Each structure stands twice: as C-alpha cells, then as structure tokens.
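Notes for the one structure printed next.
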Amino acid sequence: MAAACTVLGIAESAAELDEATLEGCRAGNAAALRIFVTRYQHLVFAFLSRSLGAGPHVEDLAQEVFLRACRALPTFDSAKSARLSTWLLTIASRLAIDARRKRRLPVAPLDADLVIAASGTPETERRRLEIASALERAAMQLSSEQRDVFVLAEFHGLDTKELALCLGVPEATVKTRLFRARARLRTALRSLWEDS
C-alpha cells in the first residue's frame, strides 16, 4: 500500500522539533509554542481528517490535541519517550477513538484533496484519479481500528512499536489489524491492478 500512497503523491516527513525549542515549549515560551504548533499542525490535521473525515469537528479535535500536548509537554521526556510526532499522534488517535464513541462520526474519504496533479498525459491523470477513488472506496470499508492503524502506518510512517504505543494495544494486535486492513484493501483493489 506504500506504493499506492506514492502513486497518490502523499508524503509526510517533517523533522522533529529541536531540543532547544522543546525546552522553550516546556517553559511556556509563546514563540516556541507557536513553532511547535506550526511544525506539527499538518500532521495532526491530516491524521484526524483521514481518520474521521473533514469538517469542523477536526479543527476542534486538533485544538484539543495541542491543548493537551501543551499541558503535558513539561513531563514529555524525549530521551525516554517516543518521538514527539508519535506522541502527538497518540493523543490524536485517542481523541479520535473517543469522538467516534461519543458522536458516531461518519467515516469519510481519506483525503481526496491530497491527490496531486501530475504533469503527465490526460490518460495518466485519469488513471491516477481512478486509483485514488478506488483506494478511498476500499478504505471506507475498513473498520475504524483497521483504518486508524492503516493510516498511521502508511500515511504517517509509524512502525509496529510506535503504532502499539500510539493506539494503546499490544504489538501483536497492531500486526493483526494492519495485516487484515492490507488484505481487505488488496482484495478490494485487485480488479484495479488486474486492469493495468
């Protein structure tokens, strides 16, 4: 599925916050906190949108992620804990799980707006849009647990250990969910690849 994400032009890789800025955040420095939010806002919004669908609820939840993170930053130890981005995704994923339980939020497409137009032929662009649309339809058929683990692994690059930490489940559960999500997506997308 990583290939599918590459086909869609989706990439998420930002350097982690440097230790000096992190110390400023822990001390409550407004400029450091702005850098923190600016650095990680796309990551948090992207995950919440992919997991819960776009809408005003994503903005509210993202704000809550950063409020909780800012309150907990003084206790975050980068030497002992996960990466800061993984820690934020943990907060975001737990808020997403709670939001689904409380409000029964509908599952929406994975980010149709992230499909980047290629400077290719009309046929290439048509095929790219077909693949993106098929991936969205297939992903909507996943359970919320499978969808979260798939999004965090494929779109955010978390490994099994980070996924387990982020989702609060054993690594074996992560592996099972990811295996099943990929298998369901492979089955759902098989006809698309056979047509190629």
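Counted residue by residue at 0.36 nm each, then reduced by the alpha carbon distance between them, the extension gain from Gln63 to Glu171 reaches 36.0 nm. The 3J(HN,Hα) values that the Karplus relation (6.51, -1.76, 1.60; θ = phi - 60°) gives for the range 145-157 are, in residue order, 5, 5, 5, 4, 5, 5, 4, 5, 6, 7, 8, 10, x Hz. Gly and Pro appear as x. Shown in residue order for the range 28-43 are the 3J(HN,Hα) couplings computed by the Karplus curve 6.51 cos²θ - 1.76 cosθ + 1.60 at θ = phi - 60°: x, 5, 4, 5, 5, 5, 4, 4, 4, 5, 4, 5, 10, 5, 5, 4 Hz (x for Gly and Pro). Each peptide among 62-70, 84-92 gets the average number of other Cβ atoms lying within 10 Å of its residues, and from highest to lowest they stand as 84-92, 62-70. Applying 0.36 nm per residue to the separation of Glu136 and Thr121 and subtracting their alpha-carbon distance, the gain on full extension is 3.1 nm.
From most to least packed by mean Cβ count within 10 Å, the peptides 128-141, 152-165, 20-33 give 152-165, 128-141, 20-33.
Residues in the range 159-166 carry Karplus couplings, in order, of 8, 4, 5, 5, 4, 4, 4, 5 Hz; the curve used is 6.51 cos²θ - 1.76 cosθ + 1.60 with θ = phi - 60°, and Gly or Pro positions show x.
Any read-out appearing in this document is the output of simple, stated calculations on the displayed coordinates, not a laboratory observation. Computed from a predicted structure; not experimentally measured. Virtual Cβ from ideal backbone geometry, glycine too; neighbours counted across all protein chains shown.
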